[in-house]
Ligand code: MN
């Protein structure tokens, strides 16, 4: 049985206490097990309050973030690498304090459109920071999962194979891969090969997103193949529904992800339909 999660931006555009509580209450009412917190600004999270709120609504926290130009650990600019290292370690502290065992997302590089391929020096800088971060994460029972995203959002890993190469280059055994159907649709040949290539041992997080980021099943992602492939590898981790619309805006993340259109306006209907869709597909 997979735990099923929902990304906070389905409901809220900030992580203030009242917003998080409101979001948890709705996610719990709909029947989710997990709520993913975007932590682009770790300082904004009141872990004391938020960890209690998760307990109150009996939901499990997961944490994700994307680095920015100024905190790009895959840069050749050592000031930016240092800023990214500090941000990631702060985010890991918050992950631990909020009681989560998962830190995922684009933590390997800036979530941005790059105007050149990655460089060897930048790639080595990214590996070096993630290696150190993984050491602390493992001591605190947190799993790092590196999200494979499309070419417009990173130049470090666009395919499952590139993520495996990166993990191989890291040389530490416990860093995992985070796949997302929205990105696989752009970069992979299909959905089964990447899922099987990563396998249950290395797949740390899985995002369900439609090709336009709206209602699951309303676009052209091959979810049938996705569900079958996850079953074939006996995927036991968390599946999180991720969707974005101009209806709910995080001033940073929404612009970074190019969320310009209104794809839905009723968060609760959207999230409730998504949960039904995922449960149906899993046959649970
Ligand atoms: Mn995602």
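The values are calculated or read from the model by the stated rules, or taken from the named source; none is laboratory data. Computed from a prediction, not measured in an experiment: that's the story for all the values here. Cβ coordinates were reconstructed from backbone atoms using ideal geometry, including for glycine residues, and neighbour counts include every protein chain displayed.
Put simply, of 40, 67, 103 the only residue that is surrounded by 15 or more Cβ atoms within 10 Å (Cβ to Cβ), at pLDDT below 95 and within 16 Å of the ligand (Cβ to nearest atom) is 40. In the stretch 205-284, counting only helices (runs of 4 or more DSSP H) that sit wholly within it, the ones holding 1 or more residues that are within 14 Å of the ligand (Cβ to nearest atom) and under 17 Å from residue 150 (Cβ atoms) span 223-232, 253-256.
Give me the residue from the stretch 172-204 that is modelled with pLDDT under 95 and either assigned to a helix (DSSP H, G or I) or in contact with a helix residue (DSSP H, G or I) (Cβ under 8 Å, 6 or more places away or on another chain) (or both) and, out of that set, farthest from the ligand (Cβ to nearest atom).
Within the stretch 172-204, the subset modelled with pLDDT under 95 is 172-174.
Subset that is either assigned to a helix (DSSP H, G or I) or in contact with a helix residue (DSSP H, G or I) (Cβ under 8 Å, 6 or more places away or on another chain) (or both): 172, 174.
Working: 172: 23, 174: 21 Å.
In this case the residue turns out to be 172.
Matching residues to (1) touching a strand residue (DSSP E or B) at 6+ places or on another chain (Cβ under 9 Å); (2) closer than 19 Å to residue 162 by Cα; (3) in contact (Cβ under 8 Å) with a residue 24 or more places away in the chain:
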position	(1), (2), (3)
207	yes, yes, yes
213	no, no, yes
223	yes, no, yes
239	yes, no, yes
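Exactly one residue among 200, 189 is farther than 19 Å from residue 111 by Cβ, surrounded by fewer than 22 Cβ atoms within 10 Å (Cβ to Cβ) and under 18 Å from the mean Cα position of the chain (by Cα), and that residue is 200. With the requirement that a residue be assigned to a strand (DSSP E or B) and in contact (Cβ under 8 Å) with a residue 60 or more places away in the chain, what does the stretch 104-144 give you? The answer is 104, 105, 143, 144. Here the stretch 237-247 is the region considered, the condition is being surrounded by fewer than 20 Cβ atoms within 10 Å (Cβ to Cβ) and either touching a helix residue (DSSP H, G or I) at 6+ places or on another chain (Cβ under 6 Å) or at pLDDT below 95 (or both), and the residue that is nearest to residue 154 (Cα to Cα) is 246. Of 275, 282, 270, 230, all but one fail to be crowded, with 19+ Cβ neighbours inside 10 Å, closer than 21 Å to residue 190 by Cα and at pLDDT 95 or above; the exception is 230. When the residues of the stretch 161-183 are filtered to those that are without any contact (Cβ under 8 Å) to a residue 40 or more places away in the chain and under 22 Å from residue 278 (Cα atoms), the one that is nearest to the chain's Cα centre (by Cα) is 179. Inside the stretch 113-153, residues that are surrounded by fewer than 18 Cβ atoms within 10 Å (Cβ to Cβ), in contact with a helix residue (DSSP H, G or I) (Cβ under 6 Å, 6 or more places away or on another chain) and closer than 22 Å to residue 253 by Cα make up a count of 1.
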